[in-house]
Each structure stands twice: as structure tokens, then as C-alpha cells.
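Worksheet for the structure shown next.
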Amino acid sequence: MCGIIAYRGKRSAGEVLLHGLRQLEYRGYDSWGIALKNGHELEVVRRTGKISASAPKLARHKGLQLGLGHTRWATHGGVTESNSHPHRDCSGSVVLAHNGIVENYQELKRGLQGHRFSSETDTEVIAHLVEKELAGGAPLREAFRSAFLKLEGRNAVVLLSGEELLVAKSGSPMVLGLGDGESFVASDVPAFLRYTDRAVFLADGEMAVIGDDVRLYDLQGTPKPLKEETIEWSPEQAEKGEYPHFMLKEMMEQPEALLRAGNLPKEDLAAAVAMVRKAKRVFAIGCGTAAQVANLSTYLFSCIAEMPSQFAIGSEFSHLKPAINQDTLVIAVSQSGETADLLEAVATAKERGAKVLAVLNVKGSSLMREAHHTLLVNAGPEKAVASTKATTAQMAVLLLLAHAVAGRADEGKRLIESASRAVREMLSRSEEMRALAQRLRDRQNIYIIGRGMNYPVAREGAIKIQEVSTLHAEGIAGGELKHYALALVEKGTPCIVLGSGKDILGNAMEIKSRGGDIIGLSPERSEVFDTWIQVPDLGPASAIVQLVPLQLLAYHLGIARGMDPDYCRNLAKSVTVK
Ligand code: G6P
């Protein structure tokens, strides 16, 4: 969703901002804009569409370099230049960019009689609110603080006025980058990682003022110390390098990412094990792809640790409130740690006294701050909207956790090492999946069936195909087939069958008898398969390996159908609004 970058320092602000915005493109956007302070003048550029296609020449000037930029994923108001950020007040001396939704913007707008609005956005209200406070005599910081406190919803705002940048957040992510005589503000670290690895993650209810120095306050105006962290990701990790797409690069990084995931610090794992053992009830939650990993964890806990647990989609969790209390452990799975639906579920869980364990990729994210304990999966920066390496790394961490709960952590670690080798082998067979994608590219539907751990894998495989290629795909539990989905099978309907157990092959036979085109992904060949792709049997780690050919298929289907695999239609990487 929306991405923010702001800069104050000695470099060319135009270049820093354009680079930052390009680094944030992965979040998904439909328009973008930049405001640059040029002496006393403010240069504002706003465009719809992609940055590379329309990046203008931005003026370079001498002296202090100051500006902010934004990629917009439309929520309030269509995709137009006038709705693109940055937005200004009537005087043009306050300019700002925003991520989130001002839920009470209509009410606030009614209180801004006499102000001239030039967009349909909720964001513009903030600029006029600040203007109103300034007109009432408040100094800039007070005006900003007081305006921000009036906003309802999950919001992050960066404002430029005079020679200062002001930032505040109450939900959407925001991180400061500290350099030598220069400062950055961004929605995500890769936007400034090229220039500095020193970061301060803003917590909800904090604001920062960036002038000649950087100061942090709470929203009551009380100063707070800056808690600086060093980012361990290298700038190269966040670049495409030799690969044509981030998605391909990230899939190819899975063998190493799995090894890192399997190497969790012992003390972190021990603390998580203690939380699981102490709980009377365990809920695993997540959204989108992370929900499928959460679902898989219930199979892992059951089969490895013989422990019951439940699964819920993040956005559905609050409906299960009565079952949550201080004896509940919620395992929240996420790549970004910024998914609004998940954060809300975590807040619900905490309100009811539950403990929260995060299984997370992005260090310093909101989820990490909210959780009582975090297992970082350490997959490195993931930029393609469709998650791949973070997903398999989350699976590995949960596999390890289940083994550790059963007192067999070493066995879990060895399995992950085997999975890493098997994934490397699967990735070397990308051509096989490309050929299959060519064959399937014009079909209307693809069904994927699996049982046990292969069921969440089937669902995740279908999600990948939908997101990346826009071809309709559905993951179905093998046993459910004859309860509904068999009605959809006709001559030539492609059906991917995961595994070669007796029951799933029975399901495959039912489809074949109705003319289905059976593609088997399994350790052993079966005569029911029209096409067979061999995937090794690694016991409970098989799910990790089984997913990889489905990721490759989704990628190649996307390309074969003329899509850009890195930018899924209508989707955003980090969904920070409900
Ligand atoms: C978005 C993305 C999905 C992702 C989901 C959860 O919808 O498009 O790919 O699975 O958010 O994201 P998270 O960062 O919490 O894992």
C-alpha cells in the first residue's frame, strides 16, 4: 500500500526521493508524487501510473535539500493527479504525504469551512487541519501534533513546512534513517538502505521532528530517547541483481533462507517453546499466504508434537473472541508485520489477556513491538507482492518449533537442512514448470488437491497462481472433492494432485474418470497421473518442498499470460488498512 519517503540533508533530494519511491514500488501503487523545497519555492510533481514511465527531471539546487515523496494506492478518490500525494493546505506552505485512512475525515472536513479543497482524498483534510491550528497561533509542532490527534484510524503522516520535516504515526509503518548530517523518513527500510543502515522504528503514538537534529516525542509532546538499530540487510539484498523479477530472485534464495530459518537463536526458540507449553489453547493466525502457513502449523503441532491447536484467518479472529483468555497463546504469522487485520486480531487477543508469539520476517515492524515474543524467520527483504521465501522460511520455523516443543529440536533442524537441499534441486527444474505453464496458460480453472499437510500447501499454491497469473485456481482438501468440487470437473480440467497416498490417488481417479487432466506432484509415479513431477518425501518437511514447484508454476503462468509477476493486479504487498 502507500509508500512514503522524505529527506533532509545534503544530497540531491530529488534523486534520493525517486530512488526511495522506486524501492517502495513493491508495496503496490497506482500514482505517485514528490514535493521538493527549492529555496523558498516548493516544486510539486504528481503523476498517475508507474514512476519509470514518467519520472521527470527534477531541479537541482544549492543549499539544504529537503523533500518528500509518496506512492499512492487509491482508497478515497479515483486514480488522478489531483488525488495523488503530496497534498497542500490553502497557502501552500504545508505539504504532506499520508499512509492509512482518516476514518473521520468527513466530520473533520465539515469543521474546515472556508478552506479550498482540491482533491477527493481523506489526506488533504490533514493539511487544512494543520493550517487551521497554525492560523490559531499554534507553533508548527503543536499544530501538527494537535491535528494528528484529531485523526481516527491507523495513520502515518510526514509533513514538510519551513525547513523541518514532522512525522507521526498511529498504525501504519514509519521508520527514520539517520545519516551523517542527513535524515530520512520512510515506510520501509529499503527506501534509504543505500545511504544508511542506522534506523529508528517509530512506535504508534510517537512523533519526530527532523530539523538540524532529530527529536522524538510522544503525542502528548513529552520528549523520548531515540532507540537506534543497525539494519543487517545489505542494499544488494533489496535489489533484483541478475534476475528479471524479484519473485524469481526470492524463490531462488529459498535454500539459504531455509538454512537461516533453521538456525534460530537457541534462547529465542526456548522462550517460544515455554510459551507454547504454558498455554492451554493455541491459535495460529495470519492473512493471505501467512494464513495458509498458520493453518499448516496446526498439522505440524499435531503430527510432530501431538498437540492440538486451532487456526483462524486474521480478519475472522475477533469473531472467536469468547474462546480467548489469559490461557491462550496466539501465534501470529506475517511477512511484513504491518497487516492491519492481523494487528487488530493481536490487539483483540491482548485485550483478553492472551499471549502473542510472532513468526515474522520484518524486524522492527509493528507486530514485533506488539508481540510478547518474536521468532524472526530471517528470509531477508521480500519485495515481490507474492510471498515465496518468507513463506517457506515461516514454515521452517514452525516445523522447528513443533519439534522443539516435542523435545526434538535437533531432528527439526536436520529436516530443514534436507528441505533446503531438496528445494535447491526443485528450483533447478524450473524449465519443467515453465513447460507445464505453457500447456496450462489458456485454461479457465486449475484445481489443486491435497490431504493433511498438503491441504494448506494446495491452498497456498492456488493463491500464488491467482495472484501472479490471474488464472482462477482453487486449493481443495481431497476429501471435500466429492462434496462439491467434482461438479466443476469436465473433459480437460487441469487438476494438480499433491502426494501419492492411497486416499489422494482415489480422489485423483474420481477426477480422471470425469475427463480431468491429472498432474501429480509426488514422490512416486502413479498410472492415474497424465503428467508426473517428482517431489521427494521428507516426512513433515515435505510441505516446504511441495510448495516450490507450485510457486514456479505460478511465476511461469504469470509470464505466459503477459503479467508482471512482481506486481499482482489490484493487490499490495503490505495491507496496512482494513
Ligand atoms: C497481502 C499480500 C499477501 C500477504 C498478505 C499478508 O494481502 O498481498 O501476499 O500474504 O498481505 O501479509 P503479511 O505481511 O502479514 O504476511
When the residues of the stretch 122-155 are narrowed to those that are open to solvent by less than 40 Å² (accessible area, probe 1.4 Å) and not in a helix (DSSP H, G or I), which ends up nearest to ALA203 (Cα to Cα)? ASN155
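Test ARG11 against the stated conditions and say whether it is under 24 Å from GLU124 (Cβ atoms) and out of contact with any Cys (no Cβ under 6 Å at 6 or more places or on another chain). Before you say what the answer is, go through the steps one by one.
Details: under 24 Å from GLU124 (Cβ atoms): no; out of contact with any Cys (no Cβ under 6 Å at 6 or more places or on another chain): yes.
When the stated conditions are applied, ARG11 does not pass them.
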Could you figure out which of (1) modelled with pLDDT of 90 or more; (2) more than 26 Å from the chain's Cα centre (by Cα) isn't true of HIS40? (1)
Where residues in the stretch 555-573 are more than 14 Å from the ligand (Cβ to nearest atom) and in a loop (DSSP other than H, G, I, E, B), which of them is farthest from LEU440 (Cα to Cα)? ASP564
Can you find even one residue in the stretch 34-50 that is buried (at least 20 other Cβ atoms within 10 Å of the Cβ) and within 16 Å of the ligand (Cβ to nearest atom)? no
Which residue out of LYS266, LYS240 is away from the ligand (no atom under 16 Å from the Cβ) and either crowded, with 17+ Cβ neighbours inside 10 Å or more than 22 Å from ASP188 (Cβ to Cβ) (or both)? LYS266
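Which residues, taken from the stretch 331-385, are of a type in the set (Asp, Glu) and closer than 21 Å to ALA270 by Cα? So that I can check it myself, show each step before the final result.
Restricting attention to the stretch 331-385, the residues satisfying the condition of being of a type in the set (Asp, Glu) are 338, 341, 344, 351, 370, 382.
Matches in the stretch 331-385: GLU370 only.
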Among the residues that make up the stretch 244-254, is at least one of them away from the ligand (no atom under 16 Å from the Cβ), of a type outside the set (A, V, I, L, M) and modelled with pLDDT under 95? yes
Go through the stretch 446-474 and report how many residues are free of Cβ contacts under 8 Å to residues at least 60 places away in the same chain, within 16 Å of the ligand (Cβ to nearest atom) and touching a helix residue (DSSP H, G or I) at 6+ places or on another chain (Cβ under 6 Å). 1
Of the conditions (1) under 20 Å from LYS249 (Cα atoms); (2) in a loop (DSSP other than H, G, I, E, B); (3) within 16 Å of the ligand (Cβ to nearest atom), THR576 clears all except one; give me its number. (1)
Only unsatisfied item for ILE476, checking (1) open to solvent by 10 Å² or more (accessible area, probe 1.4 Å); (2) in contact with a strand residue (DSSP E or B) (Cβ under 6 Å, 6 or more places away or on another chain), is (1)
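The values are calculated or read from the model by the stated rules, or taken from the named source; none is laboratory data. Remember, predicted model here, so these are calculated numbers, not experimental data. In this analysis, Cβ positions are derived from the backbone assuming ideal geometry, glycine residues included, and neighbour counts consider all displayed protein chains. SASA here: full protein model, heavy atoms, side chains in, ligands and nucleic acids out. Shrake-Rupley method; radii C 1.70, N 1.55, O 1.52, S 1.80 Å.
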